[in-house]
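Asker: Take this structure, written in structure tokens, and hold onto it; I'll ask about it next.
Only the coordinates and a few stated rules stand behind these numbers; no lab work does. Note that this is a predicted model, so its numbers are computed, not measured. Cβ coordinates were reconstructed from backbone atoms using ideal geometry, including for glycine residues, and neighbour counts include every protein chain displayed.
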């Protein structure tokens, strides 16, 4: 009986309007991407990083963030996009993400920050199959915001393996 009551409660709640989730949007070239706002710790202007030898090409190096060594990833390079020179709008979005060993802080270099948007989870579709496994590893889903395609990044996929290689 409890299972039936629970099941009917679930059905009733699924008929209710979806609660939107907030995402920080940012630009890479002409494309619009987003990451969950709850993962964002801060947004910093671009500053020189200290390079670390023998790290993947998408790991730019590390910065000192109030006494903590934070690896900085080039999101363009990680997504296989062509590199671009640093401009006055280039920023590092510092995020906290869950990794197998707990939580970690990582900086993500992007061309520019755009806005915070609300996204209805029911409006998010999967990355198209034609994008291949590589893209689906980094892109959690796609939706539209103000008639523009918005790609929602999977931060764990984006960082996977990068942090351990940068700090080891």
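Asker: Would you mind giving the average projected area, over all directions, of the Cα convex hull of region 42-148 in nm² with one decimal?
Answerer: Approximately 8.9 nm², given one-decimal rounding.
Asker: Compare the peptides 75-81, 22-28, 86-92 by average per-residue count of other Cβ atoms within 10 angstrom and give them in order, highest first.
Answerer: Listed from highest to lowest mean packing, they are 22-28, 75-81, 86-92.
Asker: Report the gain in length on full extension from residue 44 to residue 113: 0.36 nm times residue separation, minus Cα-Cα distance, nm rounded to one decimal.
Answerer: 23.8 nm
Asker: May I ask you to order 150-160, 62-72, 30-40, 95-105 by the average number of other C-beta atoms within 10 Å around their residues, highest value first?
Answerer: Peptide ranking by packing, descending: 150-160, 30-40, 62-72, 95-105.
Asker: From Cα pairs below 8 angstrom and at least 6 apart in sequence, can you work out the relative contact order of region 20-120, rounded to a whole percent?
Answerer: Relative contact order of region 20-120: 36 percent.
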